[in-house]
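The values are calculated or read from the model by the stated rules, or taken from the named source; none is laboratory data. Everything numeric here is computed off the predicted structure, so don't read it as measured data. Here the Cβ positions follow ideal geometry from the backbone for every residue, glycine too, while neighbour counts run over all protein chains shown.
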Ligand SMILES: [Zn+2]
């Protein structure tokens with residue numbers, strides 16, 4: 001296995017674990033900020049380190065089109081390119097391609113699509129998705145799947161899950177070949193130095209030659225030791241979810257993702273599908289729920305045993321003046337905050353809440369200042385990451401149920417009126 005995952009505490013279905021990646025450890029359950037274009041919009045990497053983010057998600061689709069995965073590879077891979085020394089996960093590109101709707105054509109071989117940037121024709125096959133993700137060099141990469149649209153009847157959902165299984169097998173095959181090449185290389189060269197180099201955020205070694213050697217070792221390791229996750233589909237059909245899970249698990253991935261949710265279905269159905277899938281995923285491997293959710297939802301899914309989640313909500317909502325706080329969701333644009341000298345969230349320890357008032361944040365937003373989005377996003381991410389920290393703590397203490405009931409009373413899960421825009 002390319003990824004070591006240790007479970008350290010349990011409370012009901014929930015667990016606290018530790019993912020050991022080539023770029024440091026990640027405590028789970030973890031919320032991954034979304035860095036679509038190799039940037040979490042509005043926030044510098046040093047701020048993400050300060051917030052305690054241990055794992056970021058970047059989007060393969062966007063990076064293969066611009067600046068191009070070959071360019072990123074020539075610059076030393078995604079970690080070096082974006083100056084992020086902690087762990088990274090890339091999606092397969094599938095989700096974005098499928099959201100192009102009219103601009104794509106799916107065949108057994110893969111999916112042909114037109115770039116949203118310049119209309120140029122591209123082709124994404126399972127092999128190509130692997131090639132691009134290997135060039136980017138994230139610690140965790142995803143198999144190419146077909147994100148089943150909503151609604152989809154049982155026949156359509158089955159057809160789609162079968163395609164995802166065949167594509168998953170092709171990705172697994174590429175990964176197996178790379179592992180074989182890698183272990184052959186390591187045997188030929190003797191023990192690798194990569195394991196001894198686990199960079200911590202913000203630290204850089206002084207010697208350029210050391211840097212070069214370590215970079216080479218890491219690049220080689222990334223190429224051969226990227227963890228590959230399979231993705232469960234099955235639409236909104238519990239029986240198909242079970243079958244997709246079982247057959248994906250039979251292929252032996254490093255971790256398992258639940259895909260095809262948050263695609264416009266009622267939230268109750270999302271919960272039902274997650275509950276129908278989790279029991280069929282192996283307890284000893286990480287489980288990743290893709291594209292979910294509100295603070296209340298990430299707490300609930302962590303309680304059910306989900307280990308990893310990502311969502312654009314905290315960043316996107318922040319840019320639209322919506323703040324998640326311990327007192328509920330607030331819309332900072334409202335006139336009632338015009339003379340509110342209190343902090344955005346009196347119970348938050350982030351540097352925005354320590355320094356600025358609601359009145360100031362409202363003023364920045366109304367005046368159209370760039371700092372509005374930056375500060376709102378910083379606070380929202382702090383809120384999400386602190387929430388997950390609190391969940392991990394509650395699991396360790398065994399009082400998760402109490403913690404959950406506190407969350408349910410905060411009015412965080414009502415649908416957000418966030419206008420649509422480009423991803424993340
Ligand atoms: Zn705050």
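Between a first residue in the stretch 151-163 that is within 17 Å of residue 111 (Cα to Cα) and a second residue that is in a helix (DSSP H, G or I), which pairs have beta carbons less than 6 Å apart while being 6 or more apart in sequence or on different chains?
Listed by first residue and then by second, the contacts come to 161/240; 161/244.
In the stretch 14-27, is there at least one residue being crowded, with 16+ Cβ neighbours inside 10 Å and under 13 Å from the mean Cα position of the chain (by Cα)?
The answer is yes; a qualifying residue exists.
Would you confirm, using the coordinates I've provided, whether residue 73 is assigned to a loop (DSSP other than H, G, I, E, B) and either farther than 16 Å from residue 381 by Cα or at pLDDT below 95 (or both)?
no
Which number in (1) in a loop (DSSP other than H, G, I, E, B); (2) crowded, with 16+ Cβ neighbours inside 10 Å; (3) in contact with a helix residue (DSSP H, G or I) (Cβ under 6 Å, 6 or more places away or on another chain) marks the one condition that residue 132 misses?
Tallying (1) in a loop (DSSP other than H, G, I, E, B); (2) crowded, with 16+ Cβ neighbours inside 10 Å; (3) in contact with a helix residue (DSSP H, G or I) (Cβ under 6 Å, 6 or more places away or on another chain), residue 132 fails exactly one: (1).
Filter the stretch 207-252 down to the residues that are crowded, with 21+ Cβ neighbours inside 10 Å, in a helix (DSSP H, G or I) and modelled with pLDDT of 65 or more and list them by number.
225, 240, 241, 244, 245, 248 - these are the residues of the stretch 207-252 that are crowded, with 21+ Cβ neighbours inside 10 Å, in a helix (DSSP H, G or I) and modelled with pLDDT of 65 or more.
Can you list the strands (runs of 3 or more DSSP E) found entirely within the stretch 255-356 that contain at least 1 residues being within 16 Å of the ligand (Cβ to nearest atom) and crowded, with 16+ Cβ neighbours inside 10 Å?
322-325, 328-331
Can you confirm whether residue 365 is at negative phi, away from the ligand (no atom under 15 Å from the Cβ) and surrounded by 14 or more Cβ atoms within 10 Å (Cβ to Cβ)?
yes
Looking only at the stretch 365-374, how many residues end up being assigned to a helix (DSSP H, G or I) and over 30 Å from residue 30 (Cβ atoms)?
1
Report whether or not residue 377 is more than 14 Å from the ligand (Cβ to nearest atom) and assigned to a helix (DSSP H, G or I).
Taking the combined requirement at face value, the residue does not satisfy it.
Does the stretch 389-402 include one or more residues that are surrounded by 15 or more Cβ atoms within 10 Å (Cβ to Cβ), at pLDDT below 95 and either farther than 30 Å from residue 16 by Cα or touching a helix residue (DSSP H, G or I) at 6+ places or on another chain (Cβ under 8 Å) (or both)?
yes
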